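The values are calculated or read from the model by the stated rules, or taken from the named source; none is laboratory data. Because the structure is a prediction, the values reported are computed rather than measured. Counting neighbours? That spans all protein chains shown, and the Cβs are built from the backbone with ideal geometry, glycine included. When the accessible area is computed, the model is the full protein with side chains, heavy atoms only, and any ligands, DNA or RNA have been set aside. Shrake-Rupley method; radii C 1.70, N 1.55, O 1.52, S 1.80 Å.
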Amino acid sequence: MNRWARWIIGSDKNIDRRNMSWNMVGSFLYAFASMVLSIAVIQLVGEDLGGIFTFGYSTFGQHMFMVAYFGIRPFHITDTESRYSFGEYLRLRYLTCAAAVLFGLFYVFVNGYSYVKAMTVIWLVIYKVVDGFADAYEAEFQRNGRLYLTGKSNTFRTLLSVGVFLSVLYVTRNLVWASQAGAGAQLLGLLLFDVAVMRAIPGVDRSVKGSQVCRLFRDNLLLFFSVVLDFYIFSAAKYAIEGNMTDADLAVYGAIFMPTSVINLVAGFVIRPYLTKLSVQWENRRYKRFRSIVKNLVLVILGLTVVAVLGAWFLGIPVLSLLYPNIGYALARCRTALLYIILGGALNALMTLFYYSLIIMKWQRVIFAGYAGVGAAAFLISPVFVRAMGIDGGAFSYMILMFLLMLCFGAAAFGIYRRTVLCELGRKGGRRDA
């Protein structure tokens with residue numbers, strides 16, 4: 001295992017280039033997997049089971065990933081002063097992952113799903129929770145300047161788990177067995193590409209103090225509620241469709257929602273490599289550099305949005321119909337919904353940039369306030385729009401909610417930045433070099 005780990009780690013040459021390239025590969029495959037799996041399930045076992053898979057994998061399962069994730073990764077990777085050890089971050093993940101599995105079991109039980117839906121959702125929850133546990137290792141890789149190991153873990157775990165899932169589904173046409181096999185492969189990937197590799201990295205602090213774990217929990221509690229609310233807002237339309245329409249309708253909505261994975265992927269390519277740099281600029285009070293990086297990222301996202309909207313208008317539905325031939329008849333009526341979702345995805349990318357900016361500024365309570373307000377709006381408007389307009393209503397409500405979040409976080413980040421710079425100017429006697 002030591003030889004295996006050393007082979008995965010490689011040398012220390014060209015770290016920056018490897019960080020960028022492996023992060024791109026890993027992020028691409030991770031996002032691409034969702035699309036491949038949803039297409040395969042619909043084609044192999046039909047749109048009804050496809051809708052169940054969409055709910056279990058990319059809606060409720062992903063929500064339980066957020067519980068396991070605890071919103072802690074941005075805090076972890078920007079903890080450049082090592083206030084908390086890796087052992088303490090990992091101990092907290094044990095607790096959050098256990099809570100996610102238990103809540104998943106409870107949710108399935110109280111909703112009275114059929115055997116197939118219940119077991120599929122449970123195994124997909126486990127699949128996603130293992131992913132959430134692996135994130136603790138990947139955050140530590142990134143904090144230590146080895147983002148390429150995070151990319152490798154994402155790449156190889158995704159290939160392994162998706163390959164096993166699709167192989168079992170193709171042979172058996174049994175969604176429950178495929179989900180179970182995929183969860184097992186995800187666990188094996190965790191052991192091979194995260195646990196074994198971390199043991200071979202020297203200098204990793206594995207010490208654990210109970211008081212520190214409690215403090216870490218308190219420090220990130222608002223972030224936890226924030227990410228859970230964030231994903232509820234992100235998925236409110238899916239929950240509304242699952243509760244008010246058929247599993248087949250959920251499969252159709254999942255198909256037109258798929259481009260958001262590409263948008264989030266591109267946003268990750270653009271934003272993630274700059275998070276540590278943004279944190280360093282802010283901590284060192286280089287506010288102009290901080291502002292310049294954020295401004296450039298906003299311009300890149302806006303430019304990509306124009307390209308995405310034009311592509312969706314001319315090519316979106318034809319391409320999706322080729323990818324999902326079994327539901328092409330339903331997709332033909334969803335061009336407007338697709339445009340709403342593309343715009344919502346772009347607004348979500350901007351919101352994510354402002355979200356990370358607020359975390360770096362140490363203003364988590366503002367994040368929670370924004371999520372709480374927009375979460376309440378999501379609870380109220382999503383079912384109403386879905387009942388009134390069906391899939392178009394779900395897509396429109398998603399766009400409105402992303403706009404509200406982007407507006408809240410953008411205004412807060414601008415206000416905090418301006419106040420901080422003014423205070424700095426006052427401290428320096430009015431010199432405009434902050």
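Return the residues of the stretch 287-297 that are open to solvent by 50 Å² or more (accessible area, probe 1.4 Å) and either over 29 Å from residue 423 (Cα atoms) or touching a helix residue (DSSP H, G or I) at 6+ places or on another chain (Cβ under 8 Å) (or both); say none if nothing qualifies.
The answer is 289, 291.
Can you work out which of the residues in the stretch 397-419 that are surrounded by fewer than 22 Cβ atoms within 10 Å (Cβ to Cβ) and aromatic (Phe, Trp, Tyr) is farthest from residue 278 (Cα to Cα)?
Among residues in the stretch 397-419 that are surrounded by fewer than 22 Cβ atoms within 10 Å (Cβ to Cβ) and aromatic (Phe, Trp, Tyr), the one farthest from residue 278 (Cα to Cα) is 403.
Looking at residue 168, is it in contact (Cβ under 8 Å) with a residue 40 or more places away in the chain and assigned to a helix (DSSP H, G or I)?
no
Check whether at least one residue in the stretch 305-316 is open to solvent by 10 Å² or more (accessible area, probe 1.4 Å), in contact (Cβ under 8 Å) with a residue 24 or more places away in the chain and in contact with a Gly (Cβ under 7 Å, 6 or more places away or on another chain), and report yes or no.
Looking for residues that are open to solvent by 10 Å² or more (accessible area, probe 1.4 Å), in contact (Cβ under 8 Å) with a residue 24 or more places away in the chain and in contact with a Gly (Cβ under 7 Å, 6 or more places away or on another chain), one finds none in the stretch 305-316, hence no.
Any chance the stretch 196-205 includes a residue that's of a type outside the set (Asp, Glu), open to solvent by less than 70 Å² (accessible area, probe 1.4 Å) and farther than 22 Å from residue 150 by Cβ?
For the stretch 196-205, residues of a type outside the set (Asp, Glu), open to solvent by less than 70 Å² (accessible area, probe 1.4 Å) and farther than 22 Å from residue 150 by Cβ: absent.
Every residue in the stretch 324-344 that is among the hydrophobic types (A, V, I, L, M, F, W, C) and farther than 26 Å from residue 301 by Cα, please.
Within the stretch 324-344, 327, 330, 331, 332 meet the criteria.
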